[in-house]
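This report concerns only the one structure given below.
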Amino acid sequence: MTRAARTLLTLLALAFAAVPASGPAQPRPLRPWTLILDFVPTGEYVPHYTALEKGWYRDEGLDVKILRGQGSGDTIKRIAAGQGEVGIADMSALIAARANTDVKAKGIALWYRRPPHGIFVRADSPIKTPKDLEGKRLAISPGNSHQILWPVFEKLSGLKPNSVTWVTMDAASMPPSLIKGATDAVPFFVVHEARIRKIAKQQNVDLRLLSAWADLGLDLSSTSLVAREDTIAKDPDGLKAFLRATLKGADYAFRDKHFEEGVGYVLKHHPEVDPDGALGAAQVAERFVYAEEVTSGKAAVGQFDPARLEKTRDTYTQYLELKRKVPLEELYTNDLLPDRK
């Protein structure tokens, strides 16, 4: 073999040695990612647990951990402090936090397109319409948004202003106070109807929904997914990936009506959750996520409507007596959603 031939063989051997052996592709490393809820886990969070259990977050490269919340205001504080990438919080809390303390967070997807506020009475109550609440005693927890927005409810329902008596107590005591007849009505989110009615029936009492505020025309933006401004600026791809998987979970669990399967995923992580209450919450929450403007194709799931958000901001600025009217661009972005109309 000539020297030239040996040199050529050596070069070919080196070239082949540089090519990696074929084999299964190595999975990309997952990024730790934290979602902070606004309350204890139950049926309204079925889409998130569905995306988790179906592996859709992992498909997007995210190792998602879901933490319970202690209320919207607390969730926003935790997001602002860097304890999670995304939180679930009502727009009222976000607007107040931006107006009063200039918290650097904003909504990245609208979840409940209308507020889930409602008023419940005993099934045997003579109260048949909101106007019948005049002179009655209503249970309320400190800082409850129902009381804050009560003047709006009065205007929508025709109830005489300042005509009810508020009885302050912790939230857990509100249903029992109504069941025992200590109060005449309780304001509660309508997604919790199945849970509080089950509590009542265990004591041989039934409750009924007197009024859902959205049915009266309370047309405000409500629960949203929120993130820090620096996360939006520095990691938009991560947030887009999270929203893709979350909305895939919403489509499967809510739009396609896989409620019971989704509740099973919640119970897998939180066996203490009441399955009947969770199922009822999921079925009601679906109507707030997939409202008419979504099902008709006028808006995409998660998409903010600037006009409604402006009305929401103005309403809360007035009734919460906020320090400033926050510009809309500080409150939301639609740029991270997979679909927009």
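The values are calculated or read from the model by the stated rules, or taken from the named source; none is laboratory data. A quick note: this is a predicted structure, and the numbers were derived from the prediction, not measured. Glycine gets a Cβ as well: all are built from the backbone with ideal geometry, and neighbour counts include every protein chain shown. In case anyone asks, the SASA skips ligands and DNA or RNA and just uses the protein heavy atoms, side chains included. Shrake-Rupley method; radii C 1.70, N 1.55, O 1.52, S 1.80 Å.
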Next on the checklist: Under a crude label model (7 Å from the Cα following the beta-carbon direction), how far is L328 from Q70 in nanometres?
Outcome noted: 3.5 nm
Item to check | Separation of alpha-carbon centers, the stretch 311-325 and the stretch 264-278, rounded to whole Å | outcome: 36 Å
Checklist outcome for this item: In the stretch 222-341 the accessible area split gives carbon plus sulfur, as whole percent at 1.4 Å, a share of 47 percent
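Determine the dipole magnitude for the chain: charges of +1 sit on the beta-carbon of Lys and Arg, -1 on that of Asp and Glu, nothing else is charged, the reference point is the Cα centre, and the result goes in debye to the nearest 20.
Computed about the Cα centre, the dipole is about 480 debye.
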Checklist entry - By a straight-distance test (C-alpha under 27 Å), which lysines pair with K298 as possible cross-link partners, with residues fewer than eight away in the same chain excluded? => result K106, K240, K248, K257, K311, K341
Checklist entry - Could you give the distance between the Cα centres of the stretch 91-130 and the stretch 134-185, to the whole Å? => result 15 Å
Item to check | Relative contact order %, the stretch 217-304, counting alpha carbon pairs below 8 Å whose residues are six or more apart | outcome: 19 percent
Item to check | the chain: calculated mean residue ellipticity at 222 nm from DSSP helix runs of at least 4, using -39500 (n - 2.57) | outcome: -12000 deg cm²/dmol
Checklist entry - Put +1 on the Cβ of every Lys and Arg and -1 on every Asp and Glu Cβ in the chain; which of I76, A299, Q203 then has its Cα farthest towards the positive end of the dipole? => result I76
Checklist outcome for this item: quick note, the chain, DSSP beta bridge pairs, % antiparallel (nearest 5) is 55 percent
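Pairs of alpha-carbon atoms within less than 8 angstrom and 6+ residues apart define the contacts here; what relative contact order does the chain have, in percent?
27 percent
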Checklist outcome for this item: With the charge dipole of the chain built from beta-carbon charges (+1 for Lys and Arg, -1 for Asp and Glu) about the Cα centre, the Cα from V167, I88, T315 projecting farthest to the positive end belongs to I88
Checklist entry - Accessible area per residue of the chain at 1.4 Å probe, in Å²? => result 47 Å²
